[in-house]
1. Being touching a strand residue (DSSP E or B) at 6+ places or on another chain (Cβ under 9 Å) and of a type in the set (D, E, K, R) is the filter here; which residues of region 355-383 pass it?
2. Based on what the data block shows, is Val229 surrounded by fewer than 16 Cβ atoms within 10 Å (Cβ to Cβ) and more than 18 Å from the chain's Cα centre (by Cα)?
3. Return the pairs, sorted by first residue and then second, in which the second residue is open to solvent by 40 Å² or more (accessible area, probe 1.4 Å) and outside any loop (DSSP other than H, G, I, E, B), the first residue lies in region 259-284 and is within 24 Å of His216 (Cβ to Cβ), the beta carbons are less than 7 Å apart, and the residues are 6+ apart or on different chains.
4. If Ser153 satisfies all but one of (1) under 20 Å from Leu184 (Cβ atoms); (2) surrounded by 15 or more Cβ atoms within 10 Å (Cβ to Cβ), what's the number of the condition it fails?
5. For the condition under 22 Å from Glu478 (Cα atoms), of a type outside the set (Gly, Ala, Ser) and in a helix (DSSP H, G or I), what is the one hit in Phe276, Phe285, Phe272?
6. If I go through region 237-263 residue by residue, how many of them are out of contact with any Pro (no Cβ under 9 Å at 6 or more places or on another chain), assigned to a loop (DSSP other than H, G, I, E, B) and open to solvent by 60 Å² or more (accessible area, probe 1.4 Å)?
7. Among the candidates Asp36, Asp116, Asp57, which residue alone is of a type in the set (Asp, Glu) and at pLDDT 90 or above?
8. Evaluate region 253-275: report whether one residue or more is at pLDDT 90 or above, touching a Cys at 6+ places or on another chain (Cβ under 6 Å), of a type outside the set (Ser, Thr, Tyr) and assigned by the TED database to the domain that holds Ile217.
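The values are calculated or read from the model by the stated rules, or taken from the named source; none is laboratory data. All values reported here derive from a predicted model rather than from experimental measurement. Here the Cβ is made from the backbone with ideal geometry for all residues, glycine too, and neighbour counts use every protein chain on show. All accessible areas refer to the heavy atoms of the entire protein, side chains included, with ligands and DNA or RNA removed. Shrake-Rupley method; radii C 1.70, N 1.55, O 1.52, S 1.80 Å.
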Amino acid sequence: MAAGSCLLLLLLLPGLVTASHSPPGCKIRVTSKGLDLVKQEGLRFVEQELQNITVSDLHGKEGQFHYNISQVKVTDLQLAFSDLHFQPQQHLVFNINNASISLRFRRQLLYWFFYDVGSINASADGVHIHTMLQLAKDGAGRLKISNITCSASIARMHAGFSGTLRKVYEFLSTFIVTGMRFLLSQQICPSLEHASLVLLNSVLDTVPVRNYVDEHIGIDYSLLRDPVVSSDTLDLDFKGMFFPHARENQELENHAVEPVIKETERMVYVAFSEYFFDSAMHAYFQAGVLAIELEGEKVPKDLEVLLRATFFGTIFMLSPAVDAPLRLVLRVSAPPRCVIKPSGTSVSVSAFLNISLVPPGRPPIQLSSMAMETKLSAKVFLQGKALRVQLDLRRFRIYSKQSALESLALFSLQAPLKTLLQLTIMPIINGTHRAAAHSRARGTAGRVQTASHLSLPAERTKKGVQIPLPEGMDFTKEVVTNHAGFLTVGADLHFSKGLREVIEKYRPAPTAPAYPSARPAEPSADPHQL
């Protein structure tokens, strides 16, 4: 009995391991060099947050002296020594050492019958801030800052006084400075916690997770697991699966090789497996859009002349007087497959080509149905944050599904048909068909003008697919490298928008109360309470 249970466990174990670790279709690695760039922008953001610190009023009594400190404002920051680094397994550590903060606040002093009002300039020196950000995958599969640990301390604080009671203030400076140092240090961490858990997470919300690519398909960029942090890198495993709109909950099993990123020289690396591209073509196939129909004037002139004069004249013995418009329907018969090798990337496509005559006022007459097998070479590149693919026809074979005689006649047409497809159909697939069609405009008069039905996702091929990066961050100096079963894109990063600009763009607009109070609220020095 025990032996049977062990045998069953051994049989189920490979399946359990596969289920617990699904290979990613897309993987992103951020290196220490990329983190250095993030630190520069992050430091500007931290300065802006600390400048908006709100410190509570300080008031007290020493004998006959009553004092009140209010309207505390940060006037200057010096954050000369800062560091941002990875810490295994899921953390980013941000340290600020020996910083200084300059303050200005309003003073009020009452001593018996003497009352004094003025301002005080103060500086906090030896400011040390230590924060640790924990990164995790949330329920929607989005990268989030799930927790923050923060500690802050101020070594020294000085205050300068002026006015008629300057000597009195200098006498009370110990109480005032000690109190201000305590209040200021208590406000640093809450400010950074809000900046991380609310504001920075709102920037991470701009990363596309599950959204529509076009009117036919969408893509799932949800994280498969929590990020993996080493001392030099941050690795993110994304599902990277496309899906048709009509079947949004459909899952396509991933049997592709898992991308492996070993490099650390560039700021960021993005890897795509064969599964990423296969799922895109599978989704388009299921959406029924991998087809093109050309009729009448939309059929390229050279292709029509070749078919009428050579193929139809040989096989069907058509009379030259028959001048009915021609209809070509090219439809992919199975989901195309992508193969990535160190030597390059290729896509194998099987399709049917149906050729018919469309006499005016009469039913179409199908002349032939041909099977096509093609191999396309694919050039993958990044432009901004868009992944684009340029396809080129490399191998082409066509044969008849109806008779050996047709297949024999088609043998001599392989080369000219390949050339014509390269010049006419490939520009449509790559989204450059408008310029090609304009340059090859037909001037035949008296022919029937009929519309073409184009279902190939040409514009999406041209525009590309967005990579999961936050808004305001783009790639530069991209280099694509092919491996066995996957490809990687090494690149540098730059900020086209600052963090503050992105945060303000998506900050919810304040809403006015539905029933205004009959009594105006008391004025407050705290901007969060206005």
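1. Just the residues of region 355-383 that are touching a strand residue (DSSP E or B) at 6+ places or on another chain (Cβ under 9 Å), to begin with: 355-359, 364-383.
Passing the criteria: Glu373, Lys375, Lys379.
2. Values: surrounded by fewer than 16 Cβ atoms within 10 Å (Cβ to Cβ): no; more than 18 Å from the chain's Cα centre (by Cα): yes.
Here the answer is no, as Val229 does not meet what is asked.
3. If the second residue must be open to solvent by 40 Å² or more (accessible area, probe 1.4 Å) and outside any loop (DSSP other than H, G, I, E, B), the pairs left are Glu274/Val339; Asp278/Arg337.
4. In the conditions (1) under 20 Å from Leu184 (Cβ atoms); (2) surrounded by 15 or more Cβ atoms within 10 Å (Cβ to Cβ), Ser153 misses (2) alone.
5. Details: Phe285 fails: under 22 Å from Glu478 (Cα atoms); Phe272 fails: in a helix (DSSP H, G or I).
Within the list Phe276, Phe285, Phe272, the selection yields Phe276.
6. Start the filter on region 237-263 by keeping residues that are out of contact with any Pro (no Cβ under 9 Å at 6 or more places or on another chain), which leaves 241-249, 251-253, 260-263.
Now restrict to residues that are assigned to a loop (DSSP other than H, G, I, E, B): 248-249, 251-253, 260-263.
In the following step, the residues that additionally are open to solvent by 60 Å² or more (accessible area, probe 1.4 Å) were identified as 248-249, 251, 253, 260, 262.
Going through region 237-263 one residue at a time, the tally reaches 6.
7. Asp36
8. As a first pass, look at region 253-275 and keep what is at pLDDT 90 or above: 253-275.
Subset that is touching a Cys at 6+ places or on another chain (Cβ under 6 Å): 272, 274.
Among the residues that remain, those that are also of a type outside the set (Ser, Thr, Tyr) are: 272, 274.
Adding the requirement that they be assigned by the TED database to the domain that holds Ile217 leaves 272, 274.
So far as region 253-275 goes, yes, one or more of its residues are at pLDDT 90 or above, touching a Cys at 6+ places or on another chain (Cβ under 6 Å), of a type outside the set (Ser, Thr, Tyr) and assigned by the TED database to the domain that holds Ile217.
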